[in-house]
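Everything below concerns the one structure shown next.
Derivation of every value follows stated rules applied to the coordinates shown; laboratory data play no part. This is a predicted model, so every value here is computed, not measured. In this analysis, Cβ positions are derived from the backbone assuming ideal geometry, glycine residues included, and neighbour counts consider all displayed protein chains.
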Amino acid sequence: MQQIEQNTSYPLTLLDTISEAVFVIDTTWRFTYVNTKAEELVGKPREALLGNTIWDLFPETVDTLLSTEMHCAVQQNTSTHVEAYYPPLQKWFESRIYPSADGLIIFSQDITGRKQAEEALQRSEELLRTLADTAPSIIWIADPDGTITFHNKQWIEYTGVSPQENATNWPELVLHPDDLERCMQAWQSTLPHGSNYEIEVRNKRYDGVYRWFITRAKPLRDASGRITAWFGSTTDIHERKLLEEELGKYAAIVSSSYDAIVSKTLDGTITSWNQAAGRMFGYTAEEAIGQPITLIIPPELHQEEDIIGKLRQGIGIQHYETIRMRKDGTRVDVSLSISPIKDSAGTIIGTAKIIRDITERRELERRKDEFISMASHELKTPITSLKGFTHLLLRKFERQGLQEEMPLLNKMDAQMNRLVKLINELLDASKIQAGRLDYEEEPVDIDALVQETVEMLQPTCPRHTLSVRGATHAVIAGDKDRLGQVLTNLITNAVKYSPRATNVDITLSASKKTVTISVRDYGVGIPKAHQKNIFDRFYRVYDAHDKLFPGLGMGLYIACEIVKRHGGDITVESDEGKGSTFMVSLPLK
Ligand code: ADP
C-alpha cells in the first residue's frame, strides 16, 4: 500500500475527500489505487481490490458496455463516459474514463436514485399518455406561451390532421374561419392573466364537417405561482348547441306570438308565460310563474280544468272555446288548444296551452247573428203576406173552377213553405246563439205528438211510408211545438236522405226514466268521420252546392239544442250506404 502510494504522484489524501469513487487501473487491468468512496461503492475493502484485475473481481463487467468503453479508451487514448447497470450490486453507475500513461483512471458515482426517478417519471408519463388517449374527451397541454405541445389521440382521430401538421398549423387547419380570430384573440388575452379559459368554437372533422366544441383550459403553476403549463380539454357540444339554436327559435316564436302561450305542470303550476299572456291577462311572467293555473280561470269554471285534464289523456285538445279571467277580474272569451308536454322517456309532465283571445270574433259573430235575426224578421213579413195572397188566390181559382192554374199555385205555396222553413231555422239558430230561444212548459203526450207529426208529414212525402211502431204511453213536461219541430226535422231528413228508399220507421219506447223516439231510414247514411259533427251549426256532410240534398245544416243543430233544453239527448247510429237511425231520449218527470 505504502509502495503504491509512493509510486503514484496523485495527491491521495485529497482524492479521498471527493464525493466520487476513483479507481486507478494499470495496463494489465489491475487496480493500483482506489479511494474510500470507491471502497464504499463496490462494497469491498481496498485490500481486496488492489493488485487484482477488474475482470477477476467483477466478472459481470466482461463484455459489457463498460468493458467496451474501457478498451476503447485505452486503444484510442480518449476519455469516455458510460452509464451502466451492474446487476450483482443492483446499482446504476455513471463512469468517466480517462486514459493515462499507466492505464486508466475511472471516476464513478452511484446514480441508481436518479435512474429510478427517471424511470418513474417515464412510467408516469406513459401512464398519463395512456390516460389521455383513453379519456372520452379531447385533451391537450400547452406551454406558458400558449403553444400546444400535446394533443391526445382523440384530437388526431377527430381532425384527421397528421401529428406533424397539427403541431405547427392546427388552428388554420381545424378552426372554422369565422371562429379562428375570436379563438386566437381570446387565447392570447387569457395567457398573461392566467385565468381560466373557456370558448365555444367549431372544429373541422376529418370529413370536412364542422362541429361545435367547448374548449376549456386551466394554468398549472409552480410553488412560486409561475405558470408552467396549460391543461386543456375540448368537448363536443354539437347536439346541445343545435338544440339551443332550435330552442332559441322556438323562444322567439313564443315571445312574438299574438296568442298567449302558457305551460303548466301536471299539478297545475304555471311554468312559462309569454308576452302575449301578459297582455291578455294583465299578469307579468314574474307574477304568473309558480302560481296555480286557476289564477286565470273564473271560479265558476274551476271544475272545467279537471274535465279538460281527464279528457286530454295525453292527446291534446284543439280550439276549445271557453272563458278566462284577467287580473282585474274581467272575463275574456278564449279558444284553447292544449298539448301534452312529455319528457325524454315519453312520460307526460305537463301541458302547453295556446290561448287565443276570441272577443273580436265573438263580437263579429254576435253582429252577424243579430243581422241574420233582423233579416229573417224582415223577410218573414212579406213572405207571410205572399202566403196569405197565394191561399186567397187558390180559393178564388177553386171557386172559379180554374183547375189548370191550381198546380202552379200549389208549387208556389210549396216553395214558399221552404222559404218559411229556412227563415224559421235561421231565426231559431240566431236565437239559440243569443240564448233567447223561448220554451213553453206544458204536458206533452208523446205518442199523440208523434202520430200528429207523421200524419201532417205523410202527404208531403208520398213516395215514402212513414210507419210508427210501439208506444211510450208517456206524458212529459215540455214545449210541444218545439218537440214537434225536432220530430219534423228528423223525419224530413230521413225522407230527404233516402231518395231511393220507401220506408221510414219511427219507433217509440219507454223505460222508467226516459222515453225514446227513434227515426230510422234506409238511405245514404253518414260516414263515421262526420257523425260527431252533424249536430254543429252549419255542418253538412255534403257540399253546400249539392243539388241532390239542399239545406243549410241548421236543422240538427236546432233539434239538438231543443232536446238538450228538455234535459234529453240525441244520438245517431249510421252505416254509410245503408241508412241512419236518430234517437231522441227525453227524461220522464
Ligand atoms: P240540412 O239542412 O243540411 O239537412 P241538418 O242539420 O238537418 O241540415 O243535417 C246536417 C247534415 O247531417 C246534413 O247535411 C246531412 O249531411 C246529415 N244528415 C242529417 N240527417 C241525415 C240522414 N237521415 N241521413 C243521412 N245524412 C243525414
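Numbers at a glance
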quantity	calculated
Histogram of C-alpha separations across the chain, 20 Å bin width, %	13, 22, 20, 13, 13, 8, 8, 3, 0, 0
Whole-number D in µm² s⁻¹ for the range 135-241, Kirkwood Cα-pair radius fed into Stokes-Einstein, 37 °C, 0.692 mPa s	233
SER255, SER337 arranged by Cβ crowding within 10 Å, fewest neighbours leading	SER255, SER337
Per-residue HN-Hα couplings for the range 132-148 [Karplus 6.51, -1.76, 1.60; θ = phi - 60°; Hz; x = Gly/Pro]	4, 6, 9, 5, x, 10, 7, 10, 8, 10, 10, 6, x, 7, x, 6, 6
Cα principal axis extents for the range 183-284, largest first, Å	61, 40, 28
Highest-first arrangement of 265-273, 357-365, where packing means the average Cβ count within 10 Å	265-273, 357-365
Set of aspartates and glutamates with alpha-carbon distance to LYS480 below 20 Å, sequence-local pairs under 8 removed	GLU425, ASP428, ASP438, GLU440, GLU441, GLU442, ASP445, ASP447, GLU452, GLU455, GLU561, ASP569
Approximate spin-label separation GLU200-ARG46, in nm, with each point projected 7 Å along Cα-to-Cβ	7.8
37 °C / 0.692 mPa s Stokes-Einstein diffusion coefficient of the range 262-356, Kirkwood radius on C-alpha pairs, µm²/s	245
Tilt relative to the chain, helix 177-190 - C-alpha long axis, 0 to 90 degrees, to 10	50
Fraction of beta bridges assigned by DSSP in the chain that are antiparallel (%, nearest 5)	95
Zero-based 10 Å bins, Cα pair distances in the range 335-390, whole percents	19, 20, 17, 15, 13, 9, 6, 1
The chain: angle of helix 65-76 to the longest principal axis, Cα-based, in degrees nearest 10	50
Alpha carbon convex hull of the range 442-587, volume per residue in cubic angstrom	101
Estimated dipole of the chain in Debye, rounded to 20 [Cβ of Lys and Arg +1, of Asp and Glu -1, Cα centre]	3800
Straight-distance crosslink candidates among lysines, where the alpha carbon sits under 22 Å from LYS353 and sequence neighbours closer than 8 are dropped	LYS249, LYS264, LYS310, LYS327, LYS342
Nearest-ten-degree value, helix 406-433 long axis tilted from longest Cα axis of the chain	40
Whole-percent pair-distance distribution, where bins are 5 Å wide, for the alpha carbons of the range 2-115	2, 12, 22, 29, 21, 11, 3, 0
